[in-house]
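J.: Just passing along the structure, written as structure tokens.
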Amino acid sequence: MPDAIRIRRLETLGSREIEGLSDVLIDCVEGGASVSFMWPMSRDKAQAFWRSAAASVARSERVVLAAEGAGGVIVGTVQVIWAQPENQPHRGDLAKMLVHRRARRRGIGAALLAAAEQSARAAGKTLLVLDTVTGADAERLYGRLGWQRCGEIPHYALWPDGRPCATTVFFKTLPAS
């Protein structure tokens, strides 16, 4: 990963962070990523999502990490959702691993994933789970970085254009910190 990129835990999401995170989300959806949103992807929709995530961060239900480039421009993000049923206090859900198209293939996704895993270990989590579009670059990244593939669910979600897509479920057991 280039030295100019730093991973930062966002303790609060102010207007600057919400704008930057919205830029990344909009770019990913416009690029065809199946990440819970459909076309057209408006700035209002993106900002509403991040305002909701900010409220969840404030309630200690999740952590949001941002990859920042030169001048503090956000080029990627990932979340770990802590809020789980009471019989699952040991696990977290990895969500919204997003890297702006102009910043891909530079190790940012791997750095975000490592930071998410470290945050989870520091919070006492020993298991992380995630789902990702089957056949996408992210699926290969998770496998390469030691995540265990559980299986594939056909027609799990939709691409932003409305076509169905399959998802692959992964988990990773974390050593206690």
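J.: Using a Förster radius of 22 Å, what is the FRET efficiency between ASP137 and PHE171 based on their Cβ-Cβ separation? Nearest 0.05, please.
T.: Between ASP137 and PHE171 the formula returns 0.70.
J.: Ordering VAL24, VAL129 by accessible area with a probe of 1.4 Å, largest first, what comes out?
T.: The ranking, largest first, comes out as VAL129, VAL24.
J.: With every protein chain left in place, what is the accessible area of ASP44 in Å² (1.4 Å probe, nearest 10)?
T.: About 110 Å², ignoring ligands and nucleic acids.
J.: Along the positive direction of the dipole of the chain (beta-carbon charges: Lys, Arg +1; Asp, Glu -1; about the Cα centre), which of SER15, ALA66, ALA111 reaches farthest?
T.: It is ALA111.
J.: Next question. When the chain is fully extended, how far beyond the present Cα-Cα distance does ASN87 get from ILE153, taking 0.36 nm per residue of separation?
T.: Separation in residues times 0.36 nm, less the Cα-Cα distance, equals 21.3 nm.
J.: Oh, and also: Compute the distance in nm between two label points, each set 7 Å from the Cα along the Cα-to-Cβ direction, one at ARG104 and one at ALA55.
T.: For the pair ARG104/ALA55, the computed spacing is 3.2 nm.
J.: Assuming a ≥ b ≥ c are the square roots of the Cα gyration tensor eigenvalues, decide whether segment 1-80 counts as rounded (a/c under 1.5), prolate (otherwise, with a/b larger than b/c) or oblate.
T.: oblate
J.: Right, something else. Per-residue ellipticity at 222 nm for the chain, helices alone: DSSP H runs ≥ 4 residues times -39500 (n - 2.57), over residue total, nearest 500 deg cm²/dmol?
T.: Only helices count here, giving -10000 deg cm²/dmol.
J.: If you don't mind, there's one more thing I want to ask. Is segment 66-154 rounded, prolate or oblate when judged by the Cα gyration tensor, a ≥ b ≥ c being the square roots of its eigenvalues, rounded requiring a/c under 1.5 and prolate requiring a/b larger than b/c?
T.: oblate
J.: Give the ranking of SER22, SER60, SER34, SER42 by solvent-accessible surface, highest area first, calculated with a 1.4 Å probe.
T.: Per-residue accessible area, sorted high to low, gives SER60, SER42, SER34, SER22.
J.: So how do TRP159, TRP147 rank on accessible area, 1.4 Å probe, biggest first, that is with the largest at the start?
T.: Accessible-area ranking of TRP159, TRP147, largest first: TRP159, TRP147.
J.: Relative to a virtual label point 7 Å from the Cα of ARG144 in the Cα→beta-carbon direction, which members of segment 108-126 show backbone nitrogen distances below 12 Å?
T.: 108-111
J.: Considering only protein heavy atoms, what is the solvent-accessible area of THR173 at a probe of 1.4 Å, reported in Å² to the nearest 10?
T.: Per-residue accessible area (THR173): approximately 90 Å².
J.: Hey, can you grab everything whose amide H is under 5 Å from the amide H of TRP159? Only 5+ residues off in sequence or another chain; H modelled, so Pro and N-termini drop out.
T.: Amide H to amide H, under 5 Å and 5 or more residues apart or across chains, TRP159 pairs with CYS165.
The values are calculated or read from the model by the stated rules, or taken from the named source; none is laboratory data. Computed from a prediction, not measured in an experiment: that's the story for all the values here. We place every Cβ from the backbone using ideal geometry, glycine too, and count neighbours over all the protein chains shown. These area figures cover heavy atoms from the full protein model, side chains too; ligands, DNA and RNA do not enter into them. Shrake-Rupley method; radii C 1.70, N 1.55, O 1.52, S 1.80 Å.
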